[in-house]
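The values are calculated or read from the model by the stated rules, or taken from the named source; none is laboratory data. A quick note: this is a predicted structure, and the numbers were derived from the prediction, not measured. As a convention, Cβ positions derive from the backbone with ideal geometry for all residues, glycine included, and neighbour counts pool all protein chains shown. Side chains are part of the model used for accessible areas, which takes the heavy atoms of the whole protein and leaves out ligands, DNA and RNA. Shrake-Rupley method; radii C 1.70, N 1.55, O 1.52, S 1.80 Å.
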Amino acid sequence: MEKLSKYSFEIGAIRPPSEGGSYSLLIRVTRNCPWNRCKFCYGTPYSHEKFELRAVEDIKKDIQAAKAISDEIKRVSWQIGHAGQINDIVGSAIIQREPDLNYNHSFVTVFNWLSSGGRTAFLQDADSLIMRTPDLVEVIKYLKETFPSLERITSYARAKTIYRKTLEELKSIRAAGLNRLHIGLETGDDELLELIDKGVTSEQHIVAGKKAKEAGFEFSAYVMPGLGGPTMSEQHAKNTARVLNEINPHYIRMRPFVPRPNTPLLDEYNRGELQLSSPHERLRELKIMIEALTVTSRVCFDHMMNAWRKESGALLFTQDYEGYKFPEEKGRVLELIEEGLRVNESNHISAKEMMAMPGL
Ligand code: SF4
């Protein structure tokens, strides 16, 4: 058997939970974040490194390495009588021959991707659309040619970067095969956008969102309940709903605000300049936002920070990646919010308690 450990490719630190759930193949097209200024985000792995574009040839070499690993895994499957199927027995056979592969990130990524069907890929890091459009198109086409099984390719992108691209550029990226964009909307409130140094206005969010959708992308928008604390809660809720209604994203994903280590917002909190809203205040904020939504999106609470509880102690909202379909399930979400408001506040998990949790 050919030594699999001789193949490796670069993998970044971050991908959305929904891409982890589908074991997407991770292909790093840039390194880190070209903006790197959002005040809630300095502590992410992006912040310690400078942003870098990667050469198209280097990205293609990574794709070739992933292909070589994939081919060898399939070859072993045929060799031991599993007809190309990728399962635990095939994995054990490979690991038995080469135990170090257990710790080989490239092998583990490709193996998990293949065993879950090999249908999705995620382009890393924080803003792939910052690449020159022809370069990005070339990379996506090469990825699709190399792995014809791919049905969905997704990426993070900054709204400001989408805003700056022409509709024709976006259409060519979409036509090459990029299907879905994950965008950190955070809030639709201009005062709050400026306070967190998001580098984008609500109007630019709207223009970018509409343009991405017109180009044919699935649009996944991340929203931060609690970002403005109790004082800005209502304007955050109302203006976020306003922007979401204009864009009507395919997905709205809730990511309640928790100050993270080494971020300016944690410093502000520690200096007593930033107040965190309580679990009930956040639910009331969500209620205002949800009531105002006229979208046909799927509204998702697919992260552990959505830690509100029912009386039984079970999670209030499903953390399923497909969430709740609006408008059909809007009433259901509002009922759940009321249910959460009836639970004693101390039985929910507060943002302060979440700050102490490892991995957040
Ligand atoms: S654009 Fe995204 S990755 Fe970059 S600093 Fe802002 S939140 Fe962080």
Can you give me the angle between helix 56-79 and the longest principal axis of the chain, using Cα atoms only, in degrees from 0 to 90, rounded to the nearest 10?
70 degrees
Spacing of the two label points (7 Å from each Cα toward its C-beta) at residue 95 and residue 167, in nm
5.2 nm
Lys/Arg Cβ at +1, Asp/Glu Cβ at -1, dipole of the chain taken about the Cα centre: which of 266, 53, 7 is farthest positive-ward?
7
Can you give the calculated 222 nm mean residue ellipticity of the chain, where each DSSP H run of n ≥ 4 adds -39,500 (n - 2.57) and the sum is split over every residue, rounded to the nearest 500 deg cm²/dmol?
-13000 deg cm²/dmol
Cysteines of the chain without any disulfide-compatible partner (other Cys Cβ under 4.7 Å) are 33, 300
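Over the chain, what is the relative contact order in whole percent, taking alpha-carbon pairs under 8 Å and six or more residues apart? Could the numbers behind the result be given before it?
Details: 657 pairs, mean separation 51.2, N = 360.
Worked out over the chain, it gives 14 percent.
If I compute solvent accessible area with a 1.4 Å probe over the protein chains, what percent of it on region 244-360 is carbon and sulfur?
On the way: 2550 of 5370 Å².
Carbon with sulfur: 47 percent of the solvent-accessible area.
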Amide N proximity, region 285-315 versus residue 238 label position 7 Å along Cα-to-Cβ, cut-off under 13 Å:
288-289, 292
With everything on Cα atoms, drop me the angle between helix 167-176 and the longest principal axis of the chain, reported from 0 to 90° to the nearest 10.
40 degrees
Determine the distance separating the Cα centre of region 50-103 from the Cα centre of region 294-360; give it in Å without decimals.
38 Å
Counting only protein heavy atoms and leaving out ligands, DNA and RNA, the solvent-accessible surface of residue 67 at a 1.4 Å probe, in Å² to the nearest 10, equals 70 Å²
Relative contact order for region 60-105: what is it in percent, counting Cα pairs under 8 Å that are at least 6 residues apart?
23 percent
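Accessible area, 1.4 Å probe, largest first: how do 300, 41 sort?
Values: 300 0, 41 35 Å².
Largest accessible area first, the list is 41, 300.
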Here, residue 194 and residue 138, labelled 7 Å along Cα→Cβ, have an inter-label distance in nm of 4.2 nm
Expressed in square angstrom to the nearest 10, the accessible area of residue 308 with a 1.4 Å probe stands at 10 Å²
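Note the full-extension length gain between residue 14 and residue 357 as 0.36 nm times their separation in residues minus their Cα-Cα distance, in nm to one decimal. Intermediate results must be reported in sequence, preceding the final value.
Working: separation 343, 0.36 × 343 = 123.48 nm, distance 1.86 nm.
Taking 0.36 nm per residue and subtracting the Cα distance, the gain is 121.6 nm.
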The chain, accessible area per residue, ligands and nucleic acids excluded (1.4 Å, Å²):
43 Å²
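Can you say what percent of the DSSP beta bridges in the chain, counting only those with both residues inside, are antiparallel? Round to 5. Mind showing how you got there, number by number?
Values: 5 of 29 bridges.
Beta bridges within the chain, antiparallel portion: roughly 15 percent.
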Give me the angle, in degrees from 0 to 90, between the Cα long axis of helix 105-115 and the longest principal axis of the Cα atoms of the chain, rounded to the nearest 10.
90 degrees
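Report the calculated FRET efficiency for residue 273 and residue 312 (r = Cβ-Cβ distance, R0 = 45 Å), to the nearest 0.05.
Values: r = 37 Å, r/R0 = 0.83.
The calculated FRET efficiency here is 0.75.
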Residue list for region 199-243, given a label point 7 angstrom along the Cα-to-Cβ vector of residue 322 and an amide N cut-off under 15 Å
none
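Mind checking the full-extension length gain between residue 61 and residue 296? Use 0.36 nm per residue of separation minus the Cα-Cα distance, one decimal, nm.
80.5 nm
Just order 96-102, 319-325, 121-127 by mean Cβ neighbour count inside 10 Å, highest at the front, would you?
Numbers: 96-102: 12.3, 319-325: 16.0, 121-127: 25.9.
The densest-packed peptide leads the list: 121-127, 319-325, 96-102.
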Using alpha-carbon positions, the gyration tensor of the chain gives root eigenvalues a ≥ b ≥ c; with a/c under 1.5 called rounded, otherwise prolate if a/b exceeds b/c, else oblate, the class is prolate
